[in-house]
Amino acid sequence: MKWKSYEAKWQKKWEKQGVFVPSLDSKKKFFLTIPYPYTSGALHIGHGRTFTLGDIIARFKRHQGYTVLFPMAFHISGSPILSISDKIAKEDVRTIRLYLEYLRIYETPENAEKIITTFTDPKKVAKYFAGKISQDFKSIGYSIDWTREFNTGEERYNKFVEWQYHQLKEKGVLVQGKYPILWSLEVGQPVGEDDIADGDTDKVTITEFNMIKFPFDGEFLVAASLRPETIFGTTNLWVNPKGIYVRTKVDGETWLISREAAEKLRVQGHEVDVSKDFRGREIVGRFAQNPLTGEKLPVLPAHFVDLDNGTGVVYAVPAHAPYDYQALCDLSNHERLGNLVDINQLPVIINIPGYSVPAKEVNELHGIKDQKDSRLEAITKELYKTEFYSGLLNNKCGKFSGLRVSEAKDKVRDKLRKDKVSSTLYETSRKAITRSKNKVVVSVIDDQWFIDYSNKEWKKKGTKWIKRMEIIPEKYRKWFLDTIEWLDKRPCARKRGLGTKFPFDKDWIIEPLSDSTIYMAFYTIAKYLKDLSPDSMKLELFDFVFLGTGSLESVVKTTGIKRDTIETMRKEFLEWYPNDLRHTAPAHVSNHLTFFIMHHIAIFDPKYWPKGISLNEVLIREGVKMSKSKGNVITLAHVAEKYGSDLYRLYVASSAELDAVIDWRERDVQGVSSKLSKFIDIIEKGAKAEEGELELVDEWFLSKFYISLKSATKHMEDLKFRDAIVDLMFKTLNDFKWLERRSKNPFGTVKRILKTWLIALAPVIPHTAEEYWPTLGGEGFASLAPWPSISEKPNISAVTKEEFVRSVLNQVRDISKLADKKPTRVFLYIADKWKYRALEAVIKEKERAMKSVGQFENKEAASKVIQSLIKGRIWEKFSEAVDEEATLKDAIKALEEELGAKVEINSKRDPLKKKDRAMPFRPAIYLE
RNA sequence: GUGGGGGUGGCGGAGUCUGGUCAAACGCGCAGGACUUAAGAUCCUGUGGCUAGUGCCUACAAGGGUUCGAAUCCCUUCCCCCACACCA
């Protein structure tokens, strides 16, 4: 792995000479961004895939003559870094262990112990890892302009984000309203996924129950359900007889619900005043009213009712709910309550093919005997799924009859709400506790700030723009369109975390996905703000720089910033914007990338809207996902030392196309490594060789290379790196092997294309390109060399002839394999002249060549030959006939060597009468 | 649940949009050979079945359909993966 020895040297040279710091006033510019990494730890080779491919794009564009801006910054907004510091401060063992592990990637154990004590300050964590990540990036050879680096905790960035939010407010997309979030009652604080026990593995979401109020002697017995449409099939209400319920005032009415439910309602924006509690059994046997039909419904006891789920009151739909049906069965022998619901006359309200009373039938099928049977859960789910997709509401459902369950659900819910018999209760999707063992419930915040993506005009513009943008691979475009369709109001500020304070209410902090949507613009000016006082970064400054509004004079006056600094900033912005390409992983489509597009649309002039997005899939290792817990992570920091950066880059670029998952397999890495070694070996030998006369095989090799280069250039433009490398590396190396066998002077021949070859691979293996560039007589940095032009025309006839020789060789081999003998003499017979006339006709007329049969003497034979040529689609393989006899005679030595046999062409000797079988490009063969 | 992607050889993966050029690019593995005292590295050859030949048969998750023709288009079923709002 020779490349390891020279990589660091070139990285230093690039940095020292500012090779990747672009100048202004370019003719052709290209502005590439990759989302900045979040600095909570070390990055691994999976993250590196995205940055590496981005870098390859940047480098390729530079070769193509673009002035490329490829900047980088660091994200520190949000709660994770904060909670890391909290945990380290609280001496949480797991966190400390994890971070010591991270630190040891870069530090001696003693230093790691020292540094971790500073990590109680979140900014120190962020700063430390930002430093290390940029060091890692440099070690992989990324061509980043580091002069524009910043992190999102800096004041200049905060000022910029504040400006962004003023803009959003002006555009009317910032709104305030109610919002349900996960909440801890004990702590009185929101809880995030990382606060919840097992929150990472078993996600907790928020579900909406419909609370339906059943009139109950001037009060309401309030039942909660996820299936409002089943209200038409209810026969009774269930309470848990042992459970504790409360009689409470809720929003001015008296409700009977479980104690837990009352607590939840209190934090969900309801006025709750609990007056008295009682056991569920106390109301058993009384009657409530169906709020839709007025029907009398008995209150019955059931043990499956969970007080801490919904309201602790459930309305029974025994024909459709396995639990309800079974609970009725369990009760049927009860002398007083057993006959209040007639189990043989259950109202069926949903028709599904194959069932008459679904719950009854599935229970019987599974042999359910008791409501405590644990299988009921799964059976319920199963039945619900069937009903949801194939069930139709029947004529018991009034105006909803005939609807599918999937449609009826929302319609019935809306009607119940409209009639004020129903409202919403939020519940967690599963029982959850925080890591400090507090119960997680849902609370409703009523002054939450949102970005209103549901705004119709805005959406329309977004959709239209996405249809026009360049999206690579194309298949992700639909995902963008779906996302924008689905996007609704999105909370954009939080009470916790690092980041920019919300400018209109300083108690809030802008949420980390909402503070990173237009910062590509910030790159253009970041370096000029570095030394200015934050106070000078007034709204007017950004207005002027980004929107061109206001006058230079007045901005100078209000900000006190020097006139030419402001002018330069404006110039930088105009120079680089829009962002030509943003490259990242598909996971960001449904949030970040769509916000990125939408915010640009809201704030900037259309000519500055983002032009393109490219995406690459993830990287796994030996078939499994990399994760800290599995201990199979290779960090970016180890790449240079372990594999060398050029090998890493080559593997990442060549082993899968953008939309396929890369599997990092040590064995395959070794394979790629040997290709790279071989390539370097050829360069070294080629550089020393003398160019000589070109023979057929040399012409063939050079021509094949030009064809590959042309195809690879196209692939690079389409970001199909794998295909490009297959052309430039694997196929060309294979061709070279043949050249080595056949040519008198293979290295002299390859020398003619070495510079071209090297630059064509430079985006992928830049260090190797730099190292050998001077050796080959290149000037300046290889990284800045122009992309090779393809002026040389491939010699098609040489290619055809050599391919013909190779195919004859293969044919002889095929036959000797079939004949199962190793020949000592090989006889080749060239096809008769008239068959070449047939070939000519087929090359010219393709499928329609049959009509020329008439021109031949032996029409039957001619028709066979032509048919065969057509079937073989010969015109796609060979574009012209060659003088086969001469070509083979020229190559006779090579053939004899390869075959280890004497080769005779058009010999009189033909004992098996093979000569007649000969066809153009397929001489007849006889072996002895 | 909602939305998206996918199932091809011993393996990773091309090919699918634009049906015929496909027994399947490129790579890995495996087998035989060359080189070597030997191993490794490297190079050559082979790697569905039949066949001294430009062909036939069986294959592209399973089943069905459209078509002269399907891995490719349509339908059904099974299986796998990914993303989903405060998480960066």
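Please report the accessible area of residue A:156 (heavy atoms, 1.4 Å probe, ligands and nucleic acids excluded) in Å², nearest 10.
Surface open to solvent at residue A:156 totals about 20 Å².
To the nearest 0.05, what FRET efficiency results for residue A:110 and residue A:538 with a Förster distance of 60 Å applied to their C-beta separation?
Working: r = 47 Å, r/R0 = 0.79.
After rounding, the FRET efficiency stands at 0.80.
Any chance you could give the angle, 0 to 90 degrees and rounded to 10, that helix A:666-688 forms with the longest Cα principal axis of chain A?
Once rounded, the angle reads 30 degrees.
Pairs to check: A:242/A:372; A:87/A:169; A:675/A:822; A:90/A:625; A:16/A:562. Give those whose C-alpha atoms are more than 26 Å from each other in this structure. All intermediate terms of the calculation are to be shown ahead of the outcome.
Numbers: A:242/A:372 15 Å; A:87/A:169 36 Å; A:675/A:822 33 Å; A:90/A:625 31 Å; A:16/A:562 29 Å.
Checking Cα-Cα distances, A:87/A:169; A:675/A:822; A:90/A:625; A:16/A:562 exceed 26 Å.
Taking a ≥ b ≥ c as the square roots of the eigenvalues of the Cα gyration tensor of segment A:484-524, is the shape rounded (a/c under 1.5), prolate (a/b larger than b/c) or oblate? Can you show the working numbers first?
Working: a/c = 2.28, a/b = 1.07, b/c = 2.13.
Taking the square roots of the gyration eigenvalues as a ≥ b ≥ c, segment A:484-524 is oblate.
Can you give the helix-only mean residue ellipticity at 222 nm for chain A, where every DSSP H stretch with n ≥ 4 adds -39500 (n - 2.57) and the sum goes over all residues, rounded to the nearest 500 deg cm²/dmol? Don't skip to the end; give the middle numbers.
On the way: 34 runs with 393 residues, N = 928.
Calculated mean residue ellipticity at 222 nm is -13000 deg cm²/dmol.
Take residue A:279 and residue A:564, extend 7 Å from each Cα along the Cα→Cβ direction, and tell me the distance between the two endpoints in nm.
9.0 nm
Take every DSSP beta bridge whose two residues both sit in chain A, then give the antiparallel share in percent to the nearest 5.
Given both bridge residues lie in chain A, the antiparallel proportion sits at roughly 70 percent.
Can you give me the angle between helix A:122-139 and the longest principal axis of chain A, using Cα atoms only, in degrees from 0 to 90, rounded to the nearest 10?
Approximately 20 degrees, to the nearest 10.
Kindly identify segment A:677-731 as rounded, prolate or oblate by the Cα gyration tensor criterion: order the square roots of the eigenvalues as a ≥ b ≥ c, call it rounded if a/c is under 1.5, otherwise compare a/b with b/c, prolate if a/b is larger, else oblate. Before the final figure, lay out the partial values.
On the way: a/c = 3.04, a/b = 1.59, b/c = 1.91.
Because a/c hits 1.5 or more and a/b fails to exceed b/c, segment A:677-731 counts as oblate.
Length gain on complete extension for the stretch residue A:819 to residue A:303, per 0.36 nm per residue less the alpha carbon to alpha carbon distance? Write out the running numbers ahead of the final one.
Numbers: separation 516, 0.36 × 516 = 185.76 nm, distance 8.15 nm.
Stretched out fully, the residue A:819 to residue A:303 stretch lengthens by 177.6 nm.
Carbon-plus-sulfur fraction of the accessible area of chain A, 1.4 Å probe, in percent?
Working: 20690 of 41980 Å².
Using a 1.4 Å probe with all protein chains present, chain A comes out at 49 percent carbon and sulfur.
For a distance above 42 Å, tell me the whole-number percent of Cα pairs in chain A that qualify. All intermediate terms of the calculation are to be shown ahead of the outcome.
Values: 239329 of 430128 pairs.
Value for chain A: 56 percent of Cα pairs lie more than 42 Å apart.
Under a cut-off of 13 Å between alpha-carbon atoms, report the aspartates and glutamates in cross-link reach of residue A:478, not counting same-chain residues fewer than 8 places apart.
Output for residue A:478: A:470.
Keeping all protein chains in place, calculate the accessible area per residue for chain A (probe 1.4 angstrom), answer in Å².
Values: 41980 Å² over 928 residues.
For chain A, the per-residue accessible area is 45 Å².
Between the helical axis of A:322-331 and the dominant principal axis of chain A, each derived from Cα atoms, what acute angle in degrees is found, rounded to the nearest 10?
That helix lies at roughly 30 degrees to the long axis.
Give the residue list of trypsin sites (Lys or Arg not before Pro) in segment A:334-392 that are DSSP loop and have at most 15 other beta-carbon atoms within 10 angstrom.
Details: sites: A:336, A:360, A:369, A:372, A:375, A:381, A:385; in loops: A:336, A:369, A:372, A:375.
Here the sparse-neighbourhood loop sites are A:336, A:369, A:372, A:375.
Extension gain residue A:909-residue A:13, at 0.36 nm per residue separation less the Cα-Cα distance, in nm? Provide the component values of the computation, followed by the final result.
Working: separation 896, 0.36 × 896 = 322.56 nm, distance 6.89 nm.
Difference between extended and current length: 315.7 nm.
Shape of segment A:367-434 from its Cα gyration tensor (a ≥ b ≥ c, root eigenvalues): rounded if a/c is under 1.5, otherwise prolate when a/b > b/c, or oblate?
Numbers: a/c = 2.34, a/b = 1.27, b/c = 1.85.
The shape class here is oblate.
Report the FRET efficiency, 1/(1 + (r/R0)^6), for residue A:718 and residue A:501, where r is their Cβ-Cβ distance and R0 is 51 Å, rounded to 0.05.
Values: r = 44 Å, r/R0 = 0.86.
So, using R0 = 51 Å, E works out to roughly 0.70.
Kindly provide the Kirkwood hydrodynamic radius of segment A:73-225 in Å, to one decimal, from all pairs of distinct alpha carbon atoms.
Details: mean 1/r = 0.0498 Å⁻¹.
Here the Kirkwood hydrodynamic radius works out to 20.1 Å.
The values are calculated or read from the model by the stated rules, or taken from the named source; none is laboratory data. What you see is a predicted model, and the numbers here were worked out from it, not measured in a lab. With ideal geometry, Cβ positions are generated from the backbone for all residues, glycine too; neighbour counts draw on all protein chains shown. The protein model used for the area step is the full one, side chains on, heavy atoms only, and it has no ligands, DNA or RNA in it. Shrake-Rupley method; radii C 1.70, N 1.55, O 1.52, S 1.80 Å.
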